[in-house]
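Heads up: the structure comes next, in structure tokens.
The values are calculated or read from the model by the stated rules, or taken from the named source; none is laboratory data. Only a predicted model underlies this, so the values are computations on that prediction, with no experimental measurement involved. Cβ sites come from the backbone with ideal geometry, for glycine too, and all protein chains shown count toward neighbours. When the accessible area is computed, the model is the full protein with side chains, heavy atoms only, and any ligands, DNA or RNA have been set aside. Shrake-Rupley method; radii C 1.70, N 1.55, O 1.52, S 1.80 Å.
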Amino acid sequence: MIKEISPITRIEGHLKVEVETSQNVVKKAKIVGEMYRGIEKIVENRHFMDPIRIVQRVCGLCCEVHGLASCKAIENAINAPVEPNGDKIRDLIICLNIINDHSLHFYQLTLPDYIDFSVLENVPLFLKNPPKAPDLIRDKIVAKKFLKKYLDSFKLRTRVCQGIAILGAKTPFAHAILVGGVSTNIRTDDVGFFVSLLNDVKDFLEEYKKDILFLAENFKHLFDIGKGPGNYLSVPHLYVPGKVLINGKEEEFDVSYVTEDEPKYGFIKTPRYKGYVVETGPLAECILTKNKEFYDLLKKLNVPKEKANSLMGRLLARYVDSLMAYRYAKDLVDSILAKGNNIYWKDPKGLYEGEGYGFVKAPRGALIHYIKIQDSKVKKYSIISPSTWNFSAGGPVEIALKGCPVESEDLVNVGRIIRSFDPCTACSIQ
Amino acid sequence: MKTTRRELLKYLGSLAALLGLPKSVGKAYAETLRKLKEGKTKIIIISGQACSGCILSATYSDGPFFDDLVIMIKNILHPTLAASQGKNFIKELYKVIDEGDYILTTEGAVPGEEKYCEFGGKPYSEILLDAVRNAKFLVNMGTCASYGGVPAAKGNPTKAMSVPEFLKKNGVNIPYVNVPGCPVRSDRILATWLYIATFDKLPPINQKINAPKMFYEDIIHYNCERYQYFTQDIYAKKPGDKFKCLLALGCRGPITYGDCSYKRWNCGKNYCIAAGTPCIGCSNPKFPFDKPIYTSPQEVLKGLKIQ
Ligand code: SF4
Ligand code: SF4
């Protein structure tokens, strides 16, 4: 029997899934991306610096990572040095972007899959029709508590975004991120803002930890579903190394093994590493770095290591990733200098040629930008975003959906598994 | 950070003053918020070729405005926030559409060919036409919905167009307003909704770009803190240079309507020119322009003559 969820809500963009079920279990799944803009094509033949701003518009959620990946690809192509303080400022922007993104994913995009807010009176219009799952928490006290957190997390994000604006001019789409560093001058009182902001983030993470553990305790059966391919990939940036794990064998990441095919259906391309399907994202990174924090949480929950590769494992890893980003941000704030001149500028009017890659650890995992410059113009531009890896035809998500129990017409667990990858369709298709 | 009712009234009063309305209008706003609280005025947001930047940006709001936001978003139906999924979401959406009397807000451009944007088994264009039919007002949120933006940039592989252009093509007439910006800024969209909900009409617009005067009356250049250096012909050679005008780096402030230079972004924390990076004209109907972003003051100056 073929069933579908169309549209998949509480994700970025337009996505649908078709599943073939038999005896109430998913046998086969097909993920289809349904929106295309052709941004790689749009930047072709434009001035080589234009992609920074245009490609940044691929996604409004993880916009800052695309801006930076684009800069890095250009810097790599034309051999442009980066001002060290400016480099740190750019990384701090990304850390804040990661925290921002994960909090959105957990409180707004994930929670309604687990807690029925419609038991409360006067809930927002969009929370009135929860998915019909037998295991949804319907306790009023719990729902009330979490609705408050749901709304309060908006406040935290506004603050985090103010931080990004101080460093990067504004957000979404920080225009101060440029080839060679950032244009921003950092003042002493700005550093003060970050000390206080990171204190708030720390408090928030403590709550986040409690909440994710609460969810994991109550939905332990979700450590049993959503098993991905077991091959993982990460690119070198921030607190993450460039690593690949294929069939249990670990190796250094080497971009020359990355291949990219045109979409088989829908608009999502199919990237592979040495021909293998690989998963990317916080879970991949926790496993590749043997993250202690992550495995301690599993132990605390009494969940065997092998079950890390699961729906709930992914949600847990996303919390751990926020914690890593926070710690890295804290070190950055300690070492960023309050000063002007945070950029080594390359005169855009010069003549440039070359090709290069930019790697960024994005909230959803490995992001790769490629640019080829000829006569100071973009000859070719290519983006492989984390969601391209995960959502490609025959890719990690389709694998993770196999064996998913289908309890109701609403395909709740299918939706949950898909959301555990935090799909960003705009990113995966551009 | 709980706001008291008095604070909120005071704030709404100053908001009214800001919009060029008598202070007493603050009371009318409070009344609107009460109505919104009861779920009376609904806002549907649908998205086409978009990046979700606008809806997210709309939530980056603070101060008393944050409470407005919470009240306002309670009335919003948007696929990124909706608990329901699949057919149930579409059912929910069409239920609100059938009830009518809502403010329709669009995000993103409309592709020239249906296959480039589908949603819930229908082309986006069909959903848009269905939703427009029963809408009281249309608000185009962000530059893509307003003017085409990045998807409709030179080359335009999907023949993308703005929502007004698409509606004109289909012979549909509806009172609308654009609230451009890539993305839209939170207060711009929230205040536009609040205005419409209170006065049951569109805010006064700058007809050149069909956007509310309260945010887009003047060009960015005239209120720019670097304007004095422009008048003295002192130009920056690289981003980040202090006390210099950014025109030679491609600044589109002189051809772009907006209030960025005095309201700034992210609750007033910063914005492009203050951060030493030129305005790239992200709320301009021509954004992202054909000419290079960082090298073309000529084009900017050419635009200046039109003013
Ligand atoms: S050109 Fe740009 S930087 Fe210069 S005064 Fe005008 S808006 Fe300001
Ligand atoms: S200053 Fe220009 S580029 Fe920056 S946000 Fe305003 S309109 Fe957009």
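Scan the range B:253-307 for residues that are basic (Lys, Arg) and either assigned to a loop (DSSP other than H, G, I, E, B) or at pLDDT 95 or above (or both) and report the count. Total satisfying the criteria: 4.
Scanning the range B:105-136 for residues that are surrounded by fewer than 21 Cβ atoms within 10 Å (Cβ to Cβ) and of a type in the set (Asp, Glu) yields B:Glu113, B:Glu114, B:Glu126, B:Asp130.
Of the set (1) of a type outside the set (A, V, I, L, M, F, W, C); (2) part of a helix (DSSP H, G or I); (3) open to solvent by 40 Å² or more (accessible area, probe 1.4 Å); (4) within 15 Å of ligand 1 (Cβ to nearest atom), all apply to B:Glu225 but (2). Per the conditions (1) in contact with a helix residue (DSSP H, G or I) (Cβ under 8 Å, 6 or more places away or on another chain); (2) within 11 Å of ligand 1 (Cβ to nearest atom), the sole criterion not satisfied by B:Asp241 is (1). Among the residues that make up the range A:369-387, is at least one of them modelled with pLDDT of 95 or more, open to solvent by less than 10 Å² (accessible area, probe 1.4 Å) and under 19 Å from the mean Cα position of the chain (by Cα)? Taking every residue of the range A:369-387 in turn, at least one turns out to be modelled with pLDDT of 95 or more, open to solvent by less than 10 Å² (accessible area, probe 1.4 Å) and under 19 Å from the mean Cα position of the chain (by Cα). Considering only residues in the range B:252-267 that are farther than 15 Å from B:Val300 by Cβ and near ligand 2 (Cβ under 10 Å from one of its atoms), the one that is nearest to the other protein chains (Cβ to nearest Cβ) turns out to be B:Trp265.
Only one of the numbered conditions (1) in a loop (DSSP other than H, G, I, E, B); (2) touching a Lys or Arg at 6+ places or on another chain (Cβ under 7 Å); (3) not acidic (Asp, Glu) is violated by A:Tyr352, and that is (2). If the condition is being open to solvent by less than 30 Å² (accessible area, probe 1.4 Å) and of a type in the set (S, T, N, Q), then the range A:317-368 contributes A:Ser322, A:Asn342.
Can you find, within the range B:205-222, the residue that is nearest to B:Gly281 (Cα to Cα) among those that are within 11 Å of ligand 1 (Cβ to nearest atom) and in a helix (DSSP H, G or I)? By that ranking, first place goes to B:Ile220. Among the listed residues B:Phe215, B:Phe287, which satisfies the condition of being within 11 Å of ligand 2 (Cβ to nearest atom) and under 23 Å from A:Gln162 (Cα atoms)? Every option except B:Phe215 fails the conditions. The set of residues from the range A:192-246 being acidic (Asp, Glu) and open to solvent by less than 30 Å² (accessible area, probe 1.4 Å) comprises just one member, A:Asp211. Among the criteria (1) more than 9 Å from ligand 1 (Cβ to nearest atom); (2) modelled with pLDDT of 95 or more; (3) open to solvent by 10 Å² or more (accessible area, probe 1.4 Å), the one B:Asp233 does not fulfil is (2).
Against the numbered list (1) away from ligand 1 (no atom under 16 Å from the Cβ); (2) more than 19 Å from B:Phe289 (Cα to Cα); (3) open to solvent by less than 70 Å² (accessible area, probe 1.4 Å), B:Asp200 comes up short only at (3).
Summed over the range A:325-348, residues that are farther than 30 Å from B:Ser296 by Cα and in contact with a Leu (Cβ under 8 Å, 6 or more places away or on another chain) total 8. Listed by position, the helices (runs of 4 or more DSSP H) contained in the range A:44-103 that have at least 2 residues being surrounded by 24 or more Cβ atoms within 10 Å (Cβ to Cβ) and in contact with a Leu (Cβ under 8 Å, 6 or more places away or on another chain) are A:63-78, A:84-103.
Residues considered: A:Phe154, A:Phe117, A:Phe126, A:Phe146. Of these, the only one that is open to solvent by less than 10 Å² (accessible area, probe 1.4 Å) and more than 11 Å from chain B (Cβ to nearest Cβ) is A:Phe146. If a residue must be surrounded by 17 or more Cβ atoms within 10 Å (Cβ to Cβ) and free of Cβ contacts under 8 Å to residues at least 12 places away in the same chain, how many such residues does the range A:163-191 contain? Matching residues across the range A:163-191 total 3. The residues in the range B:162-177 that are touching a helix residue (DSSP H, G or I) at 6+ places or on another chain (Cβ under 6 Å) and surrounded by 23 or more Cβ atoms within 10 Å (Cβ to Cβ) can be counted, and the count is 2. Here is a list of conditions, (1) on the phi > 0 side of the Ramachandran plot; (2) within 7 Å of chain B (Cβ to nearest Cβ); (3) open to solvent by 10 Å² or more (accessible area, probe 1.4 Å), and A:Gly38 meets all of them except one; can you say which number that is? Condition not satisfied by A:Gly38: (3). Against the list (1) part of a loop (DSSP other than H, G, I, E, B); (2) surrounded by fewer than 24 Cβ atoms within 10 Å (Cβ to Cβ); (3) within 11 Å of another protein chain (Cβ to nearest Cβ), the condition A:Gln108 fails is (1). Tell me, please, whether a residue that is more than 9 Å from chain A (Cβ to nearest Cβ), closer than 19 Å to A:Arg46 by Cβ, among the small types (Gly, Ala, Ser) and open to solvent by less than 10 Å² (accessible area, probe 1.4 Å) can be found in the range B:268-289. Yes: one or more hits. At least 3 residues being of a type in the set (A, V, I, L, M, F, W, C) is the threshold, and among the strands (runs of 3 or more DSSP E) wholly inside the range A:195-294 those reaching it are A:243-246. B:Ser186 meets the conditions (1) among the small types (Gly, Ala, Ser); (2) more than 21 Å from B:Leu56 (Cβ to Cβ); (3) within 19 Å of the chain's Cα centre (by Cα) in every case but one. The failed one is (2). Condition test on B:Tyr195, is it open to solvent by less than 30 Å² (accessible area, probe 1.4 Å), within 13 Å of another protein chain (Cβ to nearest Cβ) and closer than 23 Å to B:Lys40 by Cα? No: the conditions fail for B:Tyr195. Of all the criteria given as (1) near ligand 1 (Cβ under 8 Å from one of its atoms); (2) in contact with a Ser or Thr (Cβ under 6 Å, 6 or more places away or on another chain), the one not satisfied by B:Ser261 is (2).
Taken over the range A:228-258, residues that are more than 16 Å from A:Pro396 (Cα to Cα) and polar (S, T, N, Q) amount to 1.
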